[in-house]
Amino acid sequence: MKDDQFMEKKYCKDSRVIKTNRVFPSHTNDLGTLFGGWLMSYIDDVASLAAVRHARHNCVTASTDHVDFLDPITQKDSVCLEAFVVSTGRTSMEVFVKIIAENLITGDRRVAATSFLTFVALDENGKSVEVPGVIPENEEEKKLVEMVDFRAESRMRHREESKELAKALTTQKHWETYLS
């Protein structure tokens, strides 16, 4: 457990990263909406920046816990991603990413997706390093922090289920599977 008397806490806003992208035709699918893979790449990018900004160390993605696609993002939209650290363990950080689509002509904005990712801070030798705690200030941050334990429980349960599933999966080459 980290010793809070030696580790200074930081405000959520201290790690906040905001990045806006335009949606180009080459980034869309046959329905004219943003490919999920492009959005996931944007999410990992801003979340990693928020994690490093909070820890002031290199960080690696430990998991992408959720990407919930709530509303399609079209070529008429820009996509604005806002990321910040909402909770920490001893060496890990949970980063929340809010994805807002904005119609560039009307200015209408909507939450198009949300995501939670976990990062681990590393020292220059690649060993995990302690990170500061977080202090929420506004209602949105407080709501996210309020639900930390629920998400952590869900994350642990999902990880155990994934480990069980992995035990049942084969590593055989596909041509060997059909020959046996």
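Coordinate-derived values only; no laboratory data. In this text the structure is predicted, and so the values were computed from the model without any measurement. In this analysis, Cβ positions are derived from the backbone assuming ideal geometry, glycine residues included, and neighbour counts consider all displayed protein chains.
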| Qualifying trypsin sites (Lys or Arg not before Pro) for segment 128-176 [loop in DSSP, other Cβ within 10 Å: at most 12] | 173
| Euclidean distance of C-alpha centroids, segment 93-119 and segment 1-62, integer Å | 11 Å
| note | Neighbour-count ranking for 27, 158 (other C-beta within 10 angstrom, fewest to most) reads 158, 27
| Highest mean first, what order results for 55-66, 122-133 on Cβ atoms within 10 Å? | 55-66, 122-133
| field | Helix-only mean residue ellipticity at 222 nm for the chain, each DSSP H run of n ≥ 4 adding -39500 (n - 2.57), per residue, nearest 500 | value | -10000 deg cm²/dmol
| field | Mean separation of Cα contacts under 8 Å, 6 or more apart, over the residue count of segment 1-149: relative contact order % | value | 30 percent
| query | Using θ = phi - 60° and the Karplus form 6.51 cos²θ - 1.76 cosθ + 1.60, what ³J(HN,Hα) does each residue of segment 71-78 get, whole Hz, x for Gly and Pro? | reply | 8, x, 10, 10, 5, 7, 9, 9
| remark: Neighbour-count ranking for 49, 34 (other C-beta within 10 angstrom, fewest to most) reads 49, 34
| request: For Rg and Dmax of the Cα atoms in Å, several values are listed as (1) 18.8, 62; (2) 16.5, 56; (3) 15.4, 43; flag the one computed from this structure. | output: (1)
